[in-house]
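First up is the structure itself, then whatever we jot down about it.
Throughout, read-outs are computed from the coordinates displayed, never taken from laboratory work. No experiment lies behind these values; they were computed from the predicted model shown. No Cβ is skipped: glycine too gets one built from the backbone with ideal geometry, and neighbour counts run over all protein chains shown.
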Amino acid sequence: MQLTPIGIIHTPYKEKFAIPRQPGLVKQAQGEIHLCTAFADANAFRGIDAFSHLWLLFQFHQTAQRGWSPLVRPPRLGGNAKLGVFATRSTHRPNAIGLSVVENLGIEQQKGQLLLKVRGMDLMDGTPILDIKPYLPYADAIPDASGGFANTAPAPDMQVHYAAEVIPSLLKAERQSPGITDLIKQVLAQDPRPAYKKKQHETQEFGMHLGRFNIRWQVRQQESLVIEIQTV
Ligand code: SAM
């Protein structure tokens with residue numbers, strides 16, 4: 001079996017670290033699927049505007065070569081408990097296929113290229129998209145379903161603040177990329193630190209590459225403080 005990507009998604013998430021663990025958690029994040037020439041046919045998207053949400057099937061391209069393991073450690077369980085890969089949404093799975101529901105912002109023609117705009121995805125920049133399907137509420141939403149160890153959405157449990165000395169670079173960043181202030185806040189509210197780092201000393205700094213910026217922050221008394229924003 002051979003799969004051919006239909007497009008590549010461009011997102012603000014330039015590295016794996018700090019990408020939300022499921023779609024819909026960071027609503028500010030917008031992405032664009034650039035369709036490959038063979039699939040950039042407007043006819044293939046006729047009617048898609050009628051759907052508010054879409055399923056994306058994609059390849060975990062960044063980790064696919066690591067193969068799969070039968071037991072994985074879901075971060076939601078603190079990173080110690082092991083569960084079967086098919087009882088989780090882990091990236092370390094056979095065929096490395098991911099599945100995310102995203103908001104449909106519409107299909108557009110831009111500089112001769114066909115692209116589909118989406119919002120709320122949990123995909124890294126450059127992820128190959130294998131298929132797109134409409135989300136069907138009557139079939140896909142099951143209100144009384146049980147969600148195992150992830151029965152409810154993780155509460156964004158971090159307050160996020162900007163240090164006074166970072167405000168000038170934040171204002172500049174907001175002029176360059178409108179919405180970046182909220183995007184940084186929503187990403188950090190998810191507390192992307194790995195479980196074992198949450199126990200470490202408060203002065204430790206963390207960094208992420210988000211959109212056109214390198215962001216650095218510290219966690220002090222269960223609140224995140226953004227201390228540096230640099231244009232890449
Ligand atoms: N919603 C999808 C699913 O259930 O199949 C993905 C869930 S997976 C737990 C989400 C994580 O995948 C993100 O937090 C990020 O670390 C990772 N990820 C996103 N895009 C990736 C890619 N292209 N290659 C490898 N890992 C990726």
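With the charge dipole of the range 93-215 set up from +1 on Lys and Arg Cβ and -1 on Asp and Glu Cβ about the Cα centre, the Cα lying farthest toward the positive end among the listed residues LEU116, PRO134, LEU105 is that of LEU116.
Give the range of the longest stretch in the chain that excludes all GluC sites (Glu not before Pro) found in loop regions by DSSP and having at most 15 other beta-carbon atoms within 10 Å. Answer from the scan: 16-201. One chain, two ends: GLN159 and ARG89. Fully extended at 0.36 nm per residue, the span grows by 22.5 nm beyond their Cα-Cα distance. With the highest mean first, a sort of the peptides 114-124, 48-58 on other beta-carbon atoms found within 10 angstrom per residue produces 114-124, 48-58. About the centre of its Cα atoms, the range 14-102 shows a dipole size close to 560 debye [charges on the beta carbon of Lys, Arg (+1) and Asp, Glu (-1) only; nearest 20 debye].
Rounded to the nearest angstrom and listed largest first, the equivalent-ellipsoid semi-axes of the chain from its Cα gyration tensor are 30, 24, 16. In order along the range 53-60, phi translates into HN-Hα couplings of 9, 9, 8, 10, 9, 8, 9, 6 Hz, rounded to whole numbers, per the Karplus curve 6.51 cos²θ - 1.76 cosθ + 1.60 with θ = phi - 60° and x for Gly and Pro. Each label was represented as a point 7 Å from its Cα along the Cα-to-Cβ direction; for ARG216 and HIS10 these points are 2.9 nm apart.
As a calculated quantity, the FRET efficiency between LYS133 and PHE17 at R0 = 25 Å, using C-beta atoms, amounts to about 0.30. Sequentially through the range 118-134, phi angles give Karplus couplings (6.51, -1.76, 1.60; θ = phi - 60°) of 9, 9, x, 6, 10, 10, 6, 4, x, 5, x, 8, 9, 6, 10, 9, x Hz, Gly and Pro residues having no value and appearing as x.
Here the simple spin-label model places points 7 Å from the Cα toward Cβ, and for ILE167 and ASN80 these points are separated by 4.3 nm. Rounded to the nearest 20, the Cβ-based charge dipole of the chain about its Cα centre (Lys and Arg +1, Asp and Glu -1) stands at 600 debye. Once the Cα-Cα distance is subtracted from the 0.36 nm per residue extended length, the LEU3 to LEU71 segment shows a gain of 21.9 nm.
So for the range 1-84, taking the charge dipole from beta-carbon charges (+1 Lys/Arg, -1 Asp/Glu), which of GLY47, HIS34, LEU77 sits furthest toward the positive end? Farthest towards the positive end: LEU77. Relative to the Cα centre, the charge distribution of the range 152-199, modelled as +1 at Lys and Arg Cβ and -1 at Asp and Glu Cβ, gives a dipole magnitude of about 220 debye. In the chain, the calculated helix contribution to ellipticity at 222 nm averages -3000 deg cm²/dmol per residue, counting -39,500 (n - 2.57) for every DSSP H run with n ≥ 4.
Under 5 Å between amide hydrogens, built in the peptide plane, is the criterion, and for TYR162 it picks out VAL226 among residues at least 5 positions away or on other chains. Between amide H atoms placed 1.01 Å from N, distances below 5 Å from THR127 occur with ILE9, all of them 5 or more places distant or on a separate chain.
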